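A quick write-up on the structure given underneath.
The values are calculated or read from the model by the stated rules, or taken from the named source; none is laboratory data. All values derive from a computational prediction rather than experimental measurement. Because the Cβ atoms are built from the backbone with ideal geometry, glycine has one as well, and the counts that use them run over all protein chains shown.
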Amino acid sequence: MKTTPPTDARPLSWDSLTDDQVEIAEELRDQLESVKAAAGAWKPMVDSPWAQVEPERQGRVYFIHGGRGSGKTSLMLTLIRGWAEAAKKAPDWEEVGGTKAKEAEEALGKLGSVLRVLPILDFDPLPPRLPLLPWLLQAFVPLVERVDGVRSGDNLSIKEAWSNLTESAWKGWAEPGPSPSRMESYLEEEIRLQSWQTLQSEFRSVLDRLLAAAEKAGDVPGGG
């Protein structure tokens with residue numbers, strides 16, 4: 001008897017993708033280009049107490065569906081490798097695309113000037129009661145650490161501002177502690193509500209600072 005260890009998903013050459021995988025990759029490219037075109041077209045008024053509606057808002061979360069072993073992870077790793085290659089000054093499309101280097105460049109190359117992929121987060125070690133939002137913010141931590149030291153008018157560094165944002169995410173989404181008193185419960189709920197209501201604007205503000213610092217450091221392209 002012989003056993004074979006399972007093979008982890010890995011990026012594929014573009015000429016190894018199935019027709020369905022190529023179709024998904026091209027559809028995702030079109031969606032991301034649409035997001036790029038719409039970026040910056042609408043800016044909310046700072047500290048406005050009134051409702052603000054973004055007229056062209058569209059969904060920006062994408063799911064790739066497929067059965068176990070259908071190639072979902074391999075496709076995403078292929079896209080990530082291609083986008084990383086596209087961000088280089090001299091991309092090697094033959095390395096990415098194999099015999100279909102031109103097709104790979106057409107599907108991935110245009111996004112190289114604007115798209116950067118954060119570290120991949122693994123769901124496996126996620127504790128059951130851990131709030132999802134502060135966990136997702138951890139993907140930004142390597143970039144925060146890289147550009148830390150830049151300060152603004154509030155005299156907070158990028159790392160300090162990000163820590164405050166993460167704390168707001170925890171307060172806004174974490175479950176209450178065990179058996180608090182009535183007063184403690186009231187104050188805790190008030191803090192949770194305030195943190196939850198202001199989280200989106202706080203995230204926009206801190207992310208703007210983070211990307212501006214990353215642009216200054218040359219980690220993301222300028223002009224956007």
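For segment 89-106, how many residues meet the condition of being under 20 Å from Pro221 (Cβ atoms) and buried (at least 18 other Cβ atoms within 10 Å of the Cβ)? So the answer is 4. Counting residues in segment 85-92 that are closer than 30 Å to Leu199 by Cα and part of a helix (DSSP H, G or I) gives zero.
Would you point out the residue of segment 1-47, among those that are part of a helix (DSSP H, G or I) and farther than 24 Å from Thr78 by Cβ, that is modelled with the highest pLDDT? Restricting to residues being part of a helix (DSSP H, G or I) and farther than 24 Å from Thr78 by Cβ, the top hit is Ala37.
A quick yes/no check of all residues on (1) surrounded by 10 or more Cβ atoms within 10 Å (Cβ to Cβ); (2) without any contact (Cβ under 8 Å) to a residue 24 or more places away in the chain:
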{"position": "Ala25", "(1), (2)": "yes, no"}
{"position": "Leu28", "(1), (2)": "yes, no"}
{"position": "Ser34", "(1), (2)": "yes, no"}
{"position": "Ala39", "(1), (2)": "yes, no"}
{"position": "Trp42", "(1), (2)": "yes, yes"}
{"position": "Ser48", "(1), (2)": "no, yes"}
{"position": "Glu54", "(1), (2)": "yes, yes"}
{"position": "Arg57", "(1), (2)": "no, yes"}
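Considering segment 63-88, and only residues there that are exposed (fewer than 11 other Cβ atoms within 10 Å of the Cβ) and of a type outside the set (Lys, Arg), the residue that is farthest from Ala9 (Cα to Cα) turns out to be Phe63.
Checked against the criterion of being in a loop (DSSP other than H, G, I, E, B), closer than 25 Å to Leu165 by Cβ and in contact (Cβ under 8 Å) with a residue 60 or more places away in the chain, the candidates Arg129, Arg116 yield just one match: Arg116.
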